[in-house]
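Right, one structure below, let's go through it.
The values are calculated or read from the model by the stated rules, or taken from the named source; none is laboratory data. Remember, predicted model here, so these are calculated numbers, not experimental data. With ideal geometry, Cβ positions are generated from the backbone for all residues, glycine too; neighbour counts draw on all protein chains shown. SASA here: full protein model, heavy atoms, side chains in, ligands and nucleic acids out. Shrake-Rupley method; radii C 1.70, N 1.55, O 1.52, S 1.80 Å.
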Amino acid sequence: MITRRTLAGAAAALALLGLPAAAQDWKAQYPELTLGVIPAENASGTADRWAPLTAYLTKTLGVPVKLRVASDYAAVIEGQRAGNIQIAWYGPASFARAVMTGVKIEPIVNQKHETGASGYYSVVYVLASSPYKTVEDLQGKNLALVDPNSTSGNQAPRFFLKRAGYDVEKFFGKTFYAGSHENAVLALTQGTADAAANLWNSETDTMVTRMAAKGMLKKPDGTPMQQSDFRIVFKSDFLPEGPFAMLTSLPDDLKAKIRDAFVALPKADKAAFDRLSDGKDQDLTPVTLKDYQPIIDMLRFNDEQRRKS
């Protein structure tokens, strides 16, 4: 016998089937989340830096958030394409490449540095003890890049050096990808490269200062190196800082919680926020896809130059 209660239950079940994912309990769909990060540092340093953030997100979102330190920049892109990485930290070029290749993601926030700017520069370093004073002096020499999808370590130097009249592939004797920003600096200090492309936030916040603080840079006699032991021979225009991004396909209420968690981070868990930059950053800035259009344009230019060559 069909009762009013039976009809009500059937109606409720049908309504549930018709609900979008965002209106259902997202924890049933995502009992665990993954935060993927590009390898700006070597693996152990990256894990130590990001562990407090994953703990904060776990507490704030109410489900375990696991850290995945990618082997290269492309691994983060492909992890989000496959849906295995729900939240990611990108450089601007790797984020742009993900968008350009159809990964459905949306940026959340990026970091505001001690300068008050939500961005940074690409530089080409040489050792201060070397005879190289300008880019021109590096003709035929070896250049350490970072990763094909690195902004400061590949895309920006290619773009801005080309604009200045230097074709990276033709001007330098050899270019190679070191795999991380730290490895590019080490290639320079160890003599594998004559110059190295890298990031530069401010006079007191660079990859060199961060590595020096960890005791990673030594002179041949074993004494510590510092920023003054490196010379900048080229500096790009200002670049927007890379964003944290999440899958567009996530339920709306989960995306809202993720966005709120990042916006609140600098005050809600200052220790976790400070760990990301060794206390150098001031805040997090909300960003949109429009903020990265100049980077998308830069990659398109570089792609076109590569096709021509």
Cross-chain or 6+ apart pairs with Cβ under 9 Å, region 281-301 first and closer than 17 Å to Arg163 by Cβ and in a loop (DSSP other than H, G, I, E, B), then open to solvent by 40 Å² or more (accessible area, probe 1.4 Å) and modelled with pLDDT under 95: none
Scan region 149-162 and give yes if some residue there is open to solvent by 40 Å² or more (accessible area, probe 1.4 Å), more than 18 Å from Gly91 (Cα to Cα) and of a type outside the set (D, E, K, R), otherwise no. no
Take residues that are touching a Leu at 6+ places or on another chain (Cβ under 9 Å) and basic (Lys, Arg) and tell me which of the helices (runs of 4 or more DSSP H) falling wholly in region 127-220 contain 1 or more. 156-163
Output the residue which, of all residues in region 198-214 that are under 14 Å from Glu41 (Cα atoms) and among the small types (Gly, Ala, Ser), is least open to solvent (accessible area, probe 1.4 Å). Ala212
Looking at Ser122, Ser129, which one is open to solvent by 40 Å² or more (accessible area, probe 1.4 Å) and among the hydroxyl-bearing types (Ser, Thr, Tyr)? Ser129
Restricting to region 218-256, give me the number of residues that are of a type in the set (Val, Ile, Thr) and closer than 18 Å to Ile77 by Cβ. 1
Reported set for region 186-197 where residues are surrounded by 13 or more Cβ atoms within 10 Å (Cβ to Cβ) and either of a type outside the set (S, T, N, Q) or modelled with pLDDT under 95 (or both) is Leu186, Ala187, Leu188, Ala193, Asp194, Ala195, Ala196, Ala197
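So that you can scan it fast, the table gives a plain yes or no per residue for (1) more than 25 Å from Ser118 (Cα to Cα); (2) open to solvent by 40 Å² or more (accessible area, probe 1.4 Å); (3) free of Cβ contacts under 8 Å to residues at least 12 places away in the same chain:
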position: Trp50; (1), (2), (3): no, no, no
position: Gly62; (1), (2), (3): yes, yes, no
position: Leu67; (1), (2), (3): no, yes, no
position: Gly79; (1), (2), (3): yes, no, no
position: Gly83; (1), (2), (3): yes, no, no
position: Gln86; (1), (2), (3): no, no, no
position: Pro92; (1), (2), (3): no, no, no
Scan of region 67-90 for residues that are in a loop (DSSP other than H, G, I, E, B) and modelled with pLDDT of 95 or more, ordered by number: Ala82, Gly83, Asn84, Ile85, Gln86, Tyr90
